[in-house]
Amino acid sequence: MSQLNNRLTPSLRAEWKLFDQENSSSIEYLILCEKMISVGEFLLAHDVAKAGLSIHKNDRKLCQRAAHALSKAGSPKLASKLLEELVGGGDRGVETHSLLASAYKDLWEQATDSESKKQYAELAIARYEEGFSTNSFDNLRTSQRQDLETQYYPCINISFMHFFSGNDEAGKEYAEKAWKICEKLKADGKHDYWIQATEAEALLLLGSVDDAVFSYSEAVKMTDVKPSWIASTRKQALQIASAYDEEEIRQKIQNAFPTLGIVAFSGHVLDRPGSIPRFPPEAEEIAKKEIVESLEEMEANCGFSSAACGTDILFLETMNERGGETHIFLPFAKEEFIETSVRRAGGNWVARFESVLDQATSIHFVTKDGYNGEDTLYSFCNDVLLGFAAMRGRGLDEDPKLLVFWDGQPGAEGGTGELVKKWQKNFNDPVIIDANRVLDATPVVNELPSHGGETNPTFLMGGDASSVLPRTIKTMLFADVEGFSRLDESKTPYFVEKFLGGISSIIERLSVPPAFVNTWGDSFFAVFDKLEDGVELALELRDYFSKGDWTQLGMMEGMEVRISMHAGPAYEKFDPILGKLNFFGSHVNQAARIEPIVLPGSVFVSETVAALLSFGHDGFDFEYVGNLELAKNFGSYPIYILQRTGYHYDE
């Protein structure tokens with residue numbers, strides 16, 4: 001069951017690029033933001049709302065949408081702060097209270113200790129109750145329909161929170177109220193998705209499972225239903241179903257809902273002339289048929305892939321034919337990718353490559369620099385691609401799937417075999433199109449010189465391999481202490497001793513020391529081979545400053561540190577001044593340009609780091625901050641705030 005007939009995202013991104021930010025009204029910003037939320041583009045929706053607020057200061061609706069988008073993107077803490085400011089400014093509207101309650105509910109769900117769960121649950125219930133007027137329920141016969149339309153949402157969520165707080169009696173009481181409100185609205189001629197979905201949830205909370213399944217099924221069949229609506233409803237329904245002892249109940253509820261259909265793809269490229277056949281050009285038609293059938297069975301509407309000649313492009317073309325999203329990932333500069341992975345196939349593959357890029361929802365580069373014969377860029381590109389698929393699934397509470405066109409062999413670095421192993425370790429078994437079966441079904445295999453090459457033949461711009469300095473994938477960290485300039489000069493030696501000593505003790509606890517460290521004054525730079533070592537040091541360093549005792553320096557409220565992180569290919573070369581190897585390049589610069597914009601006491605990371613953390617790194621989490629301008633005119637980039645998994649209540 002497909003969730004969407006026509007995807008809106010590509011046109012919405014184009015609309016945002018052409019949007020007249022300076023002269024558009026708050027309503028125009030709001031309309032575009034709502035469109036993006038409706039198709040699950042929460043990060044982009046937040047950026048639109050934030051841009052609107054920079055012009056239309058304190059616009060209540062835009063602030064609500066910005067917070068709502070943050071919550072849906074997995075940033076409930078930041079969303080709650082925005083909404084708390086609205087409430088603190090006197091906003092007593094049902095929607096604001098309900099959105100704030102929803103953010104607290106997300107924090108309750110993700111809290112890792114019982115006390116935090118208790119506190120967030122109480123906050124959520126209190127805010128939902130603020131938004132729910134008992135008068136509207138107690139006077140159902142006389143209440144106006146527009147009054148009731150604001151009541152069923154907070155009412156059903158009060159029921160939900162009571163059930164999961166152990167207060168079944170209150171939970172049933174509010175579920176009954178929500179059901180009656182929905183019945184009253186339907187009797188008065190008001191019948192939309194949310195009323196139907198709320199009625200279904202009330203029935204599920206009351207134990208009428210089969211009636212709930214029927215109501216949910218009716219809701220998702222309604223016209224103009226949005227993917228984000230279904231994702232939100234599905235998430236809460238599955239939470240409730242999980243509270244039952246019977247697995248059959250959860251399965252019934254799960255089957256009532258479609259999903260967006262998030263699919264990552266990897267597959268073979270066209271064979272090199274004279275090589276052992278694996279995917280010859282004659283197999284294209286059969287391979288395309290297999291991909292079409294697989295995507296139909298997977299109900300795919302959102303695809304993540306690279307764009308090499310062969311099955312990558314076949315996958316992207318099929319997704320476009322389905323009207324789905326396509327997110328393309330290239331390991332290095334487009335021109336060199338064409339030469340290494342597209343043009344060598346001959347025929348019209350370059351034109352097809354350009355066509356899928358033109359139709360793409362988004363295009364991501366691991367680096368915009370060249371290839372330099374470094375196959376590690378293909379592996380890194382795969383990791384980033386899978387991470388982005390996981391991030392999209394996180395926003396829609398959906399497990400992404402992996403489709404591969406594969407012969408079952410381990411293959412080269414950055415190939416399909418390597419990607420399959422990583423996916424199985426972190427998610428589930430991939431859907432495999434057997435390349436051997438396709439090859440066997442191919443009637444004639446002709447070795448034509450117009451085709452050939454590997455996915456990643458050596459391609460060096462402006463020189464041979466010996467003249468190019470190699471790069472390796474590294475994680476770069478920059479840190480700077482906020483408030484250092486306010487220290488009394490006589491306290492500087494003590495600060496340096498404690499600053500460097502603290503960092504040294506943290507490094508000693510890491511599983512692997514940094515590949516490089518350097519300090520100057522109150523600043524620190526480190527390079528890591530492993531991402532997890534970098535993020536662990538970043539969070540330990542943050543806590544060391546924010547929770548440490550700095551009274552001997554006259555800093556009664558402690559000191560804060562700004563930390564930035566980015567990952568990517570970096571050059572490693574001997575530094576004659578330092579007398580040791582140092583690291584250079586555009587990705588080192590990007591990490592450095594993030595640091596000046598970091599909020600004191602925080603760790604800001606690039607979208608690349610967030611994606612990598614989404615795939616196979618437990619214990620760490622992040623929240624979206626926004627598309628921010630980096631220092632020294634480096635450009636604007638999506639930025640996230642790093643944290644450990646789970647939320648702790650902090651008054």
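No lab work stands behind these numbers, since they all come straight from the coordinates. Small disclaimer: the values here were computed from a predicted structure and weren't measured. We place every Cβ from the backbone using ideal geometry, glycine too, and count neighbours over all the protein chains shown.
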Legend entry - Candidate lysines - alpha carbon under 18 Å from Lys422, same-chain residues fewer than 8 apart omitted: Lys401, Lys530
Inset, instruction - Would you please put 193-205, 22-34 in order of how densely packed they are, using the mean number of other Cβ atoms within 10 angstrom per residue and starting with the highest? - result: 193-205, 22-34
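Can you check what the net charge comes to around Leu203, using other residues whose Cβ is under 14 Å from the Cβ of Leu203 (Lys, Arg +1; Asp, Glu -1)?
Spelling it out: positives minus negatives among the neighbours equals -2.
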Inset, instruction - At a Cα cut-off below 14 Å, give the aspartates and glutamates reachable from Lys57, other chains included and same-chain residues fewer than 8 away excluded. - result: Glu22, Glu85
Inset, instruction - For the range 181-226 and the range 311-342, write down the distance between their C-alpha centroids in whole Å. - result: 41 Å
Inset, instruction - Give, as a single signed number, the net charge of other residues whose beta carbon lies under 11 Å from the beta carbon of Ser504, with Lys and Arg counted +1 and Asp and Glu -1. - result: 0
Inset, instruction - Can you work out the PRE-style zone for Val292? Point 7 Å along Cα to Cβ, and I want the residues of the range 321-354 with backbone N under 15 Å. - result: 321-323
Inset, instruction - Over the chain, calculate the relative contact order: mean separation of alpha carbon pairs under 8 Å at least 6 apart, over the residue count, as a percent. - result: 11 percent
Inset, instruction - Report the relative contact order of the range 262-467, percent, no decimals, based on alpha-carbon pairs under 8 angstrom and at least 6 residues apart. - result: 31 percent
Legend entry - Anchor Lys72: aspartates and glutamates whose Cα lies under 14 Å away (excluding residues fewer than 8 positions away in-chain): Glu34, Glu41, Asp47, Asp106, Glu109, Asp397, Glu398, Glu623
Inset, instruction - Hey, can you grab everything whose amide H is under 5 Å from the amide H of Gly626? Only 5+ residues off in sequence or another chain; H modelled, so Pro and N-termini drop out. - result: Ile639
Inset, instruction - Would you kindly state how much longer the chain becomes between Asn633 and Ser25 on full extension, computed as 0.36 nm times their sequence separation minus their alpha carbon distance, in nm to one decimal? - result: 216.1 nm
Legend entry - the range 147-188: C-alpha gyration tensor shape, a/c 1.5 cut-off, then a/b vs b/c: prolate
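Filter the cross-link list Lys81/Lys105; Lys498/Lys573; Lys50/Lys77 down to pairs whose alpha-carbon distance in this structure exceeds 25 Å.
Details: Lys81/Lys105 14 Å; Lys498/Lys573 30 Å; Lys50/Lys77 17 Å.
Pairs exceeding the cut-off: Lys498/Lys573.
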Inset, instruction - Would you order His46, His56 from fewest to most other beta-carbon atoms within 10 Å of each residue's own beta-carbon? - result: His56, His46
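Once you have the Cα-Cα distance between Ser114 and Asn58, take 0.36 nm times their residue separation minus that, and quote the gain in nm to one decimal. Mind dumping the intermediate values first?
On the way: separation 56, 0.36 × 56 = 20.16 nm, distance 3.57 nm.
So the extension gain works out to 16.6 nm.
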Legend entry - DSSP-loop trypsin sites (Lys or Arg not before Pro) across the range 323-372, with at most 13 other Cβ within 10 angstrom: Lys368
Inset, instruction - Could you calculate the FRET efficiency of Lys530 with Asp168 from 1/(1 + (r/R0)^6), where r is the beta carbon distance between them and R0 is 51 Å, rounded to 0.05? - result: 0.60
Inset, instruction - Take every DSSP beta bridge whose two residues both sit in the chain, then give the antiparallel share in percent to the nearest 5. - result: 60 percent
